[in-house]
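Laboratory data are not the source of any read-out in this text; all were calculated from the coordinates shown. Just so it is clear, the model here is predicted, and its values are computed rather than measured. Here Cβ is always computed from backbone atoms with ideal geometry, including for glycine, and neighbour counts include all displayed protein chains.
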Amino acid sequence: MNVGVLVSGTGTNLQALLDADLGAARVAVVVSNRPGVAALDRATAAGVPAVVVPHGAYGDDRAAFEDAVLAVLAQHGVLPGGAVVLAGFMRILTPRFVDRFPLRIVNTHPSLLPAFPGANAVADALAHGVKVTGATVHFVDGTLDGGPIIAQAAVPVLPGDDAAALHARILCEEHRMLPAAVRSLAAGELLCQGRHVIRRGSGAE
Ligand code: GRF
């Protein structure tokens with residue numbers, strides 16, 4: 001299963017994917033909407049094609065930006081039946097894109113969804129005063145951080161935590177869960193019944 005990974009920044013989740021045994025999945029291409037980010041260097045170091053599709057060049061034309069991303073994915077063999085992983089990708093995909101890969105787009109998010117969706121999840125959780133937050137790996141369905149949940153892990157908020165310290169511990173859980181989810185997806189183990197993602201062989205289906 002060819003996987004395209006979309007990134008916008010540091011790329012530690014991408015690195016976890018590159019370092020993991022993904023079974024039947026392979027990272028075929030990495031696409032960044034921002035030039036010069038560390039994630040691109042990680043891809044290159046791993047021998048994976050790294051392509052920049054700068055969203056700024058498309059102005060408000062989301063469809064044109066997404067068409068350009070889809071074209072790069074297709075050029076590298078990431079077609080419907082493959083998968084797309086959003087690994088710190090900070091753009092919202094429209095239904096037009098999402099519908100090309102139904103239940104084949106996976107996102108990682110640094111909170112226990114549905115709490116604290118959006119771009120500032122770690123700071124929002126801290127500001128709210130929660131005692132426990134965490135990480136969620138989920139399918140993307142065109143709602144903001146709202147698709148069916150594949151895996152979650154809780155992370156306690158410790159006294160004196162700032163956003164960086166808390167995020168570092170959350171990232172450890174993301175780095176563990178995201179490759180496992182991609183491996184399971186490629187193995188055909190993830191069944192979706194409405195909002196419920198069931199792992200084939202778990203006895204729950
Ligand atoms: C992760 O916490 C991800 O969930 C969030 O942004 C962070 C990206 O980190 N959307 P990295 O670029 O993978 O290091």
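Which values of log₁₀ I(q)/I(0), to two decimal places, follow from the Debye formula for the stretch 73-182 at q = 0.23 Å⁻¹ with a uniform point scatterer at every Cα?
These q points yield log10 I(q)/I(0) values of -1.23.
Need one number: % antiparallel among DSSP beta bridges in the stretch 2-199, to the nearest 5. Intermediate values should be presented prior to the final figure.
Values: 15 of 33 bridges.
Of the beta bridges lying entirely in the stretch 2-199, close to 45 percent run antiparallel.
Amide H neighbours of T133 under 5 Å, counting only residues 5+ apart in sequence or on other chains, H built in-plane at 1.01 Å?
V155, V157
Lys/Arg Cβ at +1, Asp/Glu Cβ at -1, dipole of the stretch 2-199 taken about the Cα centre: which of A43, Q193, L73 is farthest positive-ward?
Among A43, Q193, L73, the one farthest towards the positive end of the dipole of the stretch 2-199 is Q193.
Normalised by the number of residues in the chain, what is the relative contact order in percent for Cα pairs under 8 Å and 6+ residues apart?
Working: 407 pairs, mean separation 41.2, N = 205.
Once normalised by length, the contact order is 20 percent.
Might you report the magnitude of the Cβ-based charge dipole of the chain about its Cα centre, with Lys and Arg at +1 and Asp and Glu at -1, to the nearest 20 debye?
On the way: 15 positive and 17 negative charges, 65 e Å.
In total the dipole reaches around 320 debye.
Using modelled amide H (1.01 Å from N, peptide plane; none on Pro or chain starts), what sits under 5 Å from the amide H of L6, excluding residues fewer than 5 places away?
V31, V85, L86, A87
Shape verdict for the stretch 1-90, please, from the Cα gyration tensor: rounded (a/c under 1.5), prolate (a/b greater than b/c) or oblate. Mind showing how you got there, number by number?
Working: a/c = 2.10, a/b = 1.30, b/c = 1.62.
Note, shape of the stretch 1-90 comes out oblate.
Between I198 and L158, what FRET efficiency comes out of the Förster formula 1/(1 + (r/R0)^6) with R0 = 30 Å and r the beta carbon distance, rounded to 0.05? Let's see the in-between values first.
Details: r = 33 Å, r/R0 = 1.11.
Using R0 = 30 Å, I get an efficiency of 0.35.
Output needed for the chain: three equivalent-ellipsoid semi-axes, defined as square roots of 5 times the C-alpha gyration tensor eigenvalues, in descending order, whole Å.
One finds semi-axes of 25, 21, 17 Å for the chain.
Long-range amide H contacts for L190: which residues qualify at under 5 Å (H placed 1.01 Å from N, peptide plane, sequence gap of 5 or more or a different chain)?
Residues meeting the criterion, in which the H sits 1.01 Å from N, are R200.
Below 8 Å, C-alpha to C-alpha, sequence gap of six or more: please give me the relative contact order for the stretch 1-101 in percent. Before the final figure, lay out each step's value.
Values: 176 pairs, mean separation 37.3, N = 101.
Relative contact order here is 37 percent.
As a test of the formula, what do you get for the chain when each DSSP H run with n ≥ 4 contributes -39,500 (n - 2.57) and the sum is divided by the residue count, at 222 nm and rounded to the nearest 500 deg cm²/dmol?
On the way: 6 runs with 66 residues, N = 205.
Mean residue ellipticity, 222 nm, calculated: -9500 deg cm²/dmol.
Ordered by packing density, taken as the mean number of other Cβ atoms within 10 Å over each peptide's residues, highest first, how do 84-93, 140-149 rank?
Working: 84-93: 21.7, 140-149: 17.0.
Top of the packing list down: 84-93, 140-149.
Compute the length gained on full extension between A74 and E189: take 0.36 nm times their separation in residues and subtract their Cα-Cα distance, giving the result in nm to one decimal.
Numbers: separation 115, 0.36 × 115 = 41.40 nm, distance 2.44 nm.
Between A74 and E189, full extension yields an extra 39.0 nm.
Please report the spacing between the Cα centers of the stretch 85-161 and the stretch 23-82 in Å, no decimals.
That distance is 20 Å.
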